[in-house]
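Reading through the structure tokens given below for one structure.
The values are calculated or read from the model by the stated rules, or taken from the named source; none is laboratory data. Predicted model only: the values in this text are computed from it and were never measured. No Cβ is skipped: glycine too gets one built from the backbone with ideal geometry, and neighbour counts run over all protein chains shown.
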Amino acid sequence: MKFISTSLFLIVFSSVYSQKRALDSLQKIGVCDLKGFCISTIKNNIRPKGFSIIQQRVIDYNLRTQFKDSNWVDEREIRRNKSIEIKAKIPILLKENYNFIIGLNYRVEEFSFSDPDKLSNELHKYLEDRDLKSVGATFYLDRKFKGRHFLYGRAGVFLNGSFNKGRATDYLRSSLTVLYGTKVDGSKVWGIGLSYSYRFGRLALYPILHYNKQFNKKWGFEMALPVKTEFRYQLNDKNIFYLTNRLGGENYVLDASQLSRNKLFLGKSHFLSFLTYEREIYDFLWLSFSAGAQVNINFDLETKNRLANNKEEPFIDNRLDPAPMIRFGLFLVPPKRFYSKLSH
């Protein structure tokens, strides 16, 4: 009996000791913290954005509109497509094994046509006269396990539309992304997951492949296929460059009685390719400037909120030309002293 007890003790002790050695080795290479919980971020000097204001302009491109069951195509020049987006992230809980953050989002978009007094198309008149808005909240959860693994979740709830009339629930949109990640070493993370969103203009469920690698002190690369790829170059602590390719999209509810008795759904998605320069103005204050191009994927109006794989002919079929894009940003980051304590 004594022999059995001793053997069980040795087995348990050996297992605990081996686990501790494994966690110690992972801690030395930056995979987990002193308590053994995975560090889901990689080593670099780029601090996260806590508050940001971004203005974007897409200029001088044509919009061709064709109504269902009609062969007539009305082509007009959009002189400017301007949007302003405001985001704020508020940490609620920051623990060793999980972080919970709430993000608040506001976005307004407007279209300005050349010669607006000569518009004959009711859709073009509608876009000229109204703002498209998106107001909502995003909830971020980063659950860290002991060792190499973590679970990341992001859920969003938004009101998207022209907000002319109707109940708030009429404009409700939601999104959800779940990612299971692995920390390979202090400079490399990868993960797989699923995302449910309107990024394609229509509701879609699609897989996500995530990879983030810091090659050295200056160069890094991040991707979240099929949504984003991005190279980053950190010249020094105050100057950062990004080369980004990104898929963006929204779905707006329109109250357009001049177009339809029922509500219409504008599925808007596009591909953006741009170069960004970010510059520190003060310890916690940064400016950014981006220039690139936008390529339209979807700008159709539907009478129903359809899935992305639905092949039915849209109520109004729109085609947008590729166009140049510029963007200006102002954002706040955690002060260096505070962030260095928080990240260690």
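General remarks:
Residue-wise test of (1) surrounded by fewer than 17 Cβ atoms within 10 Å (Cβ to Cβ); (2) among the β-branched types (Val, Ile, Thr); (3) in contact with a strand residue (DSSP E or B) (Cβ under 9 Å, 6 or more places away or on another chain).
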{"residue": "254", "(1), (2), (3)": "no, no, yes"}
{"residue": "258", "(1), (2), (3)": "yes, no, no"}
{"residue": "289", "(1), (2), (3)": "yes, no, yes"}
{"residue": "300", "(1), (2), (3)": "no, no, yes"}
{"residue": "306", "(1), (2), (3)": "no, no, yes"}
{"residue": "312", "(1), (2), (3)": "yes, no, yes"}
{"residue": "315", "(1), (2), (3)": "no, no, yes"}
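- Selected residue (criterion: modelled with the highest pLDDT) from residues of the range 225-273 that are of a type in the set (A, V, I, L, M) and over 20 Å from the mean Cα position of the chain (by Cα): 235
- Residues of the range 165-199 that turn out to be farther than 30 Å from residue 27 by Cβ, buried (at least 20 other Cβ atoms within 10 Å of the Cβ) and of a type outside the set (Ser, Thr, Tyr), as a count: 2
- Count of the range 229-240 residues which are within 13 Å of residue 286 (Cα to Cα) and surrounded by fewer than 17 Cβ atoms within 10 Å (Cβ to Cβ): 3
- Here residue 304 passes the criteria (1) at pLDDT below 95; (2) part of a strand (DSSP E or B); (3) of a type in the set (D, E, K, R) except the one numbered (2).
- Unique residue being loosely packed, with under 15 Cβ neighbours inside 10 Å and of a type outside the set (D, E, K, R) when the list is 204, 224, 137: 137
- Qualifying residue in the range 143-156 (condition: under 14 Å from residue 254 (Cβ atoms), out of contact with any helix residue (DSSP H, G or I) (no Cβ under 8 Å at 6 or more places or on another chain) and among the aliphatic types (A, V, I, L, M)): no
- Residue identified as assigned by TED's automatic domain parsing to the domain that holds residue 62 and outside any strand (DSSP E or B) among 327, 261: 261
- Residue in the range 235-253 that is of a type outside the set (Phe, Trp, Tyr), in contact (Cβ under 8 Å) with a residue 24 or more places away in the chain, in contact with a helix residue (DSSP H, G or I) (Cβ under 8 Å, 6 or more places away or on another chain) and under 25 Å from residue 108 (Cβ atoms) present: yes
- Number of positions in the range 98-121 that are surrounded by 14 or more Cβ atoms within 10 Å (Cβ to Cβ) and modelled with pLDDT under 90: 4
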